[in-house]
Amino acid sequence: MGDRKIPLLKTNSRLKLLGLPFPEIGEELPGTKLRKIINWPSFEELQKNLKRGYSGGVRTTLGVPELETFATRTGLGLTGKEVTVGIWDTGIADTNASVFGSRLFPQPPASSEHRTAHATQIASIIGATSAEDGTVQGMAPEVTMKSFLVSNTSEPYTELLTADVQVSNHSYGSALGWDLTYTWDGGDGVYYPIDIWYGVYDLLYQDLIDAGKTLDDLENPNFGKYTLECALYDNALTSVNTLAVWAAGNDRGDSFQDYYIYGFQDAETGESMDGKYGGTSSYITYLDTYAGWYQVPASSFPPPPTDGAVDSGYDTMSDTSVQKNSLTVGAVARAATTATLGEMQFYTAFGPPDDGRIKPDIVAPGEAILAISAGGDEDTATIMSGTSAAAPLVAGIASLLYEFYYLLKGTFPRSETVKGILLNTARRETTGPTYAYGYGLVDAEAAGQFMYSYSQKQKVDLKEATYSSADPPSFRVIKMDETLPLKVILVWKDNSPDVVTDILAVDDRAPMLVNNLHLEVKTGLTTFYPWSLNPEDPTAAATATAKNTIDNVQQVITPVSVSKVYTVNLSHTYTAFNSSPFSQPFSLIVENGRWMDQTLNLLSDDAGVHLLFQRIAELENAEPTDSATVEALVSAVSELLKFKKSKR
């Protein structure tokens, strides 16, 4: 391995765009084998500022044409024209690409020198018009896009407040665990690759020893952690009607590659580098003892295990992707369709967040996605893989749902509503959600079917309201089809807690909810609860046996043949972060059901039955074409009378 030739690189766009210098290897500390990394930020600054980018047939396989067809059946055309999407990335999209027309607007202080292939690819997946050869078309080909630069001085969570966008895409994340960086050799203009482990090695290692554990248990504690940055994003998103779509990250399986080998030959001259660097493999990490980043010999500082190895591949999500109010997207194979879920990609990050919430929220194809790259005056079709590619697919579909609702109602839906529709219509092969697939594969066709049915007042419903802790609401639902389950999902945007967890604490299970709402669906004496997952056993199947006390997305699915009349109850439990009366906006999405706007308990006395008959008469007079609802209500009366008779 000593004669491995290391590739030469003249630039590293990520560091350059972030305004960060290349790590330069300094002199060896006396009495050690440590070489200080000079001219680099502090640990806190680097953790905050160094972001990693997670690098047309999918449009058809995800059902986007069918979504557009459903809109056409209502007399509407969906292109994304009414919607604006914000794209935050470690570069800006290239306005020279013809597939964007005049719909792409770089935001100050970004300029043409900040254009990158990564940002351009993301913009094209969201909103490219058809390329000349017809191979590339975005999900929403007429959407307006604003391109924002994520740098070491920018604050995207602040920019969101004034961006005026309905959807935002974030295909980047904090640098955690193993990665590859490049070192400056000292003057010849050549950069050499070297492994880097993002974490405070000596403090974490000592904590393991003190706890009687071994190196195999070492992990960066920020995987899955609800950090201050999460809190800042969550607070911003509670203030704007924006659905923030985040890439889950590609960290699962990253490991020590031993790229930078002491004793290698120079790639250009073949000259031996023995003696110049010491003759042993190494990597870069942060040492609290010496208050800095250091190149350390692997022989003295055993490399930490593969990212996710401690938890069998789970707990590998970047801290920024575990926000409560975002829609986090994992990646499956390109072969995924509305009929075939698709194999999970080997790199895509798995949950759980440290507090056990269900993340990622949803998955989309992230393998070999066609996109347009930056550079020159001609559009260049390229291949993009990673959760970076999966996220903009979902962002584009979300844009079409926003537009569908807007064209129906004349106003945009709440972002919680769009999130709820996407999750409730996602397709999965397991009974409940998982820490790998979330709620399942995004299904644009099913989401389009929901919106069409909603426009026709058939079989589905939604409610945007505000919860009051002084007067918890309940809603009546009539199930429309006895052969299908009733599906109800509750979504709300939760504020950030007053405190966040210690930066060095590993897997702190303290709940991060501030306003802790509970969803329950009842019929007669039977109660159905939302799905919950167990972070201590992340491969275990979801359960639905008790109230969910950690998630601000909660889904209940009833058995197929139970009843036709249900009550959806919302309640709350005060938390360590909020013990005072409060109000909380929320969205409720119902599939295979319609609301009955009655407040009487229909099972209490005959007055309830009388009201139900009255409602039938109103429907027959006001909505004579909605025969399915009338039939369901008549059937419900029969069931209620049978119930009453059995109780006498």
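The values are calculated or read from the model by the stated rules, or taken from the named source; none is laboratory data. None of these values were measured; they are calculated from a predicted model. All Cβ positions, even for glycine, are placed from backbone atoms using ideal geometry, and neighbour counts span all protein chains on display. Areas reflect the complete protein model, heavy atoms only, side chains present, ligands, DNA and RNA absent. Shrake-Rupley method; radii C 1.70, N 1.55, O 1.52, S 1.80 Å.
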Being farther than 25 Å from S587 by Cα, in a helix (DSSP H, G or I) and either modelled with pLDDT under 95 or touching a Phe, Trp or Tyr at 6+ places or on another chain (Cβ under 9 Å) (or both): is that true of A371 here? no
Which residue pairs have Cβ atoms under 6 Å apart, sit 6 or more places apart or on different chains, and have a first residue in region 230-246 that is of a type outside the set (A, V, I, L, M) and a second that is part of a strand (DSSP E or B)? T242/S168; W246/H170; W246/T328
Pick from region 384-427 the residues that are farther than 19 Å from V491 by Cα and charged (D, E, K, R): which of them is farthest from the chain's Cα centre (by Cα)? K409
Within region 233-284, track down each residue that is at pLDDT 85 or above and open to solvent by 20 Å² or more (accessible area, probe 1.4 Å). N235, T238, S239, V240, N241, N250, R252, G253, D254, S255, F256
Filtered residues of region 573-585 (kept if modelled with pLDDT of 90 or more and either among the hydrophobic types (A, V, I, L, M, F, W, C) or buried (at least 18 other Cβ atoms within 10 Å of the Cβ) (or both)): F582, Q584
Residues in region 297-317: is at least one in contact with a strand residue (DSSP E or B) (Cβ under 7 Å, 6 or more places away or on another chain) and among the polar types (S, T, N, Q)? no
Can you name every residue in region 518-542 that is part of a loop (DSSP other than H, G, I, E, B), of a type in the set (A, V, I, L, M) and surrounded by 15 or more Cβ atoms within 10 Å (Cβ to Cβ)? L533, A542
Identify all residues within region 456-471 that are under 18 Å from M596 (Cβ atoms), modelled with pLDDT of 95 or more and open to solvent by 60 Å² or more (accessible area, probe 1.4 Å); write none if there are none. E464
For region 429-517, please list each of the strands (runs of 3 or more DSSP E) lying entirely inside it that holds at least 3 residues being under 23 Å from the mean Cα position of the chain (by Cα) and closer than 17 Å to T417 by Cβ. 487-491
Being of a type outside the set (D, E), open to solvent by less than 70 Å² (accessible area, probe 1.4 Å) and more than 22 Å from the chain's Cα centre (by Cα): is that true of T545 here? no
Residue in region 148-170 that is assigned to a helix (DSSP H, G or I), at pLDDT below 90, open to solvent by 10 Å² or more (accessible area, probe 1.4 Å) and farther than 23 Å from A349 by Cα present: no
Taking L588 as the residue in question, decide whether it is within 29 Å of the chain's Cα centre (by Cα), at pLDDT 90 or above and not in a loop (DSSP other than H, G, I, E, B). yes
Would you check which residues across region 138-147 are open to solvent by less than 20 Å² (accessible area, probe 1.4 Å) and over 14 Å from P392 (Cα atoms) and list them? none
Within region 390-428, residues under 13 Å from I362 (Cα atoms) and not in a helix (DSSP H, G or I) come out as A426, R427, R428
Hey, among the residues in region 481-512 that are in contact with a strand residue (DSSP E or B) (Cβ under 6 Å, 6 or more places away or on another chain) and crowded, with 20+ Cβ neighbours inside 10 Å, which one's modelled with the lowest pLDDT? L486
In region 83-131, the residues that are modelled with pLDDT of 95 or more, outside any loop (DSSP other than H, G, I, E, B) and open to solvent by 10 Å² or more (accessible area, probe 1.4 Å): T84, L104, F105, P106
What pairs can you find where one residue is in region 84-107 and under 14 Å from A128 (Cα atoms) and among the small types (G, A, S), the other is open to solvent by less than 10 Å² (accessible area, probe 1.4 Å) and part of a loop (DSSP other than H, G, I, E, B), and their Cβ atoms are less than 9 Å apart, with a gap of 6+ or different chains? A97/A128
From the list T545, T599, which residue is modelled with pLDDT of 95 or more, polar (S, T, N, Q) and part of a loop (DSSP other than H, G, I, E, B)? T545
Select from region 548-559 the residues that are open to solvent by less than 10 Å² (accessible area, probe 1.4 Å) and assigned to a loop (DSSP other than H, G, I, E, B) and write down the one among them that is farthest from A349 (Cα to Cα). T558
Just checking, which of T79, T69 is hydroxyl-bearing (S, T, Y) and either part of a loop (DSSP other than H, G, I, E, B) or at pLDDT below 85 (or both)? T79
Of all residues in region 360-400, which are surrounded by fewer than 24 Cβ atoms within 10 Å (Cβ to Cβ), hydroxyl-bearing (S, T, Y) and out of contact with any helix residue (DSSP H, G or I) (no Cβ under 6 Å at 6 or more places or on another chain)? T380, T382, S385
Only residues that are within 22 Å of S299 (Cα to Cα) and not in a helix (DSSP H, G or I): list them for region 212-226, please. G212, K213, T214, L218, E219, N220
How about region 323-347: which of its residues are modelled with pLDDT of 95 or more and not in a strand (DSSP E or B)? Q323, K324, N325, S326
